[in-house]
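The values are calculated or read from the model by the stated rules, or taken from the named source; none is laboratory data. Computed from a prediction, not measured in an experiment: that's the story for all the values here. Note that we place each Cβ from the backbone using ideal geometry, even for glycine, and neighbour counts take in every protein chain shown.
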């Protein structure tokens, strides 16, 4: 199939999942056209069957805010026509779902019918999508998509609670390329980051308030009272600067490592021993899944879609949001007992295997075929009427 994918090209989960899906589909013989304002961060080299089409809204003095959605719509139409797309797959409802709907209407006037699948990732429903300014267009766009997917049962339930949907929401979880995320022997690199007897705790996020990065530091402070350890922080965002300031005030600059955004996080995660994710809410928890695949037990919160990924007491521990004491005790318990650590690490890697791309990508392909078949059937019915 010729498939157009619209997404945000950033380090956020929706862009990462969209890019990895496109790459996996290309490996399976589909031709993928990414349509967005920048090359996706994980689309870092030429790959057979993958093409990138930039959306470049023109600047004009009249506009205080560049009308990206209109430019995206026109680009979707352009690519669909000139590359004979069979299907559009848009990730994150705002503004991609509404742009795709408008593109479909334009294409229909030009004699082309192109179905659209919309994948919901989280804040496009739980936060931004609920805003009065966006809610009506989100509901309308979802109801006019040819298929809607959510990355977790939790997000499906929330979507159905918030919006009056006239069609089902299919749960297709996030996935990993297990050839990339795996436990590695990286002692030579690890020895440069920590002493022989030190543990390395890891956190990766976009450093927004919902990630509760101060809880990450608080847990680490309690762990280091018992176990020699260091903290490795991956990512960037609005809460990074205040956290760095706090780390400096505590005199821990050499023990808390800020690594910023990383294109190859799979090379860094195996250096750690334990992953911390004390988020207020996670729709799925892709960062946790990547850590688990790398052999790291996860200490996280009992919220959102995290219980669908992490098995409490087996591949990690789930505590109430804000329970720094409980998360600290769990981390110390796992890291203090070599046998217990190995059991958790092995269980984490085994659990992650269930989310390998070989298991998940065919679910998307099946939905694509269903959407195309239904549209073709509707066209034949209309022709015979």
Q. Looking at 289, 302, 277, 296, which one is surrounded by 20 or more Cβ atoms within 10 Å (Cβ to Cβ) and either more than 15 Å from the chain's Cα centre (by Cα) or farther than 20 Å from residue 182 by Cβ (or both)?
A. 296
Q: Would you please list the contacts, defined by Cβ atoms under 6 Å and residues six or more apart or on different chains, that run from a residue in the stretch 26-48 that is without any contact (Cβ under 8 Å) to a residue 24 or more places away in the chain to a residue that is outside any strand (DSSP E or B) and surrounded by fewer than 19 Cβ atoms within 10 Å (Cβ to Cβ)?
A: none
Q) When you go through (1) in a helix (DSSP H, G or I); (2) in contact (Cβ under 8 Å) with a residue 12 or more places away in the chain; (3) surrounded by fewer than 23 Cβ atoms within 10 Å (Cβ to Cβ); (4) more than 22 Å from the chain's Cα centre (by Cα) one by one for residue 58, which number turns out not to apply? A) (1)
Q.
I want to confirm something. Restricting to the stretch 169-191 and keeping residues that are loosely packed, with under 14 Cβ neighbours inside 10 Å and in a helix (DSSP H, G or I), which single residue is nearest to the chain's Cα centre (by Cα)?
A. 189
Q: Answer yes if at least one residue in the stretch 91-99 is part of a loop (DSSP other than H, G, I, E, B) and at pLDDT below 95, and no otherwise.
A: yes
Q.
It is to be established whether one or more residues within the stretch 101-113 are under 20 Å from residue 149 (Cβ atoms), crowded, with 21+ Cβ neighbours inside 10 Å, at pLDDT 95 or above and touching a helix residue (DSSP H, G or I) at 6+ places or on another chain (Cβ under 8 Å).
A. yes
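Conditions tested, residue by residue: (1) touching a helix residue (DSSP H, G or I) at 6+ places or on another chain (Cβ under 7 Å); (2) crowded, with 17+ Cβ neighbours inside 10 Å; (3) more than 24 Å from residue 144 (Cα to Cα).
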| residue | (1), (2), (3) |
| --- | --- |
| 14 | no, yes, no |
| 33 | yes, yes, no |
| 45 | no, no, yes |
| 66 | no, no, yes |
| 84 | no, no, no |
| 91 | yes, yes, no |
| 97 | yes, yes, no |
Q: Answer yes or no as to whether residue 165 is assigned to a loop (DSSP other than H, G, I, E, B), at pLDDT 90 or above and more than 18 Å from the chain's Cα centre (by Cα).
A: yes
Q: Mind counting the residues in the stretch 4-20 that are outside any loop (DSSP other than H, G, I, E, B) and under 11 Å from the mean Cα position of the chain (by Cα)?
A: 8
(Q) Residue pairs, Cβ under 7 Å, 6 or more apart or interchain, first in the stretch 290-306 and at positive phi, second surrounded by 24 or more Cβ atoms within 10 Å (Cβ to Cβ) and assigned to a loop (DSSP other than H, G, I, E, B). List them. (A) 304/282; 304/283
Q | Filtered residues of the stretch 159-168 (kept if closer than 20 Å to residue 98 by Cβ and either surrounded by fewer than 22 Cβ atoms within 10 Å (Cβ to Cβ) or not assigned by TED's automatic domain parsing to the domain that holds residue 100 (or both)) | A | 160, 162, 163, 164, 165, 166, 167
**Q.** Residues (over 26 Å from residue 284 (Cβ atoms), in contact with a strand residue (DSSP E or B) (Cβ under 9 Å, 6 or more places away or on another chain) and in a helix (DSSP H, G or I)) located in the stretch 192-220
**A.** 193
Q | Cβ pairs under 6 Å, 6+ apart, first in the stretch 245-273 and touching a residue at least 60 places away in the same chain (Cβ under 8 Å) and assigned by TED's automatic domain parsing to the domain that holds residue 228, second assigned to a helix (DSSP H, G or I) and surrounded by 14 or more Cβ atoms within 10 Å (Cβ to Cβ) | A | 269/291; 271/190
Q | Residues satisfying the stated conditions in the stretch 131-148, i.e. part of a loop (DSSP other than H, G, I, E, B) and either without any contact (Cβ under 8 Å) to a residue 24 or more places away in the chain or closer than 16 Å to residue 103 by Cβ (or both) | A | 131, 132, 133, 144, 145, 146
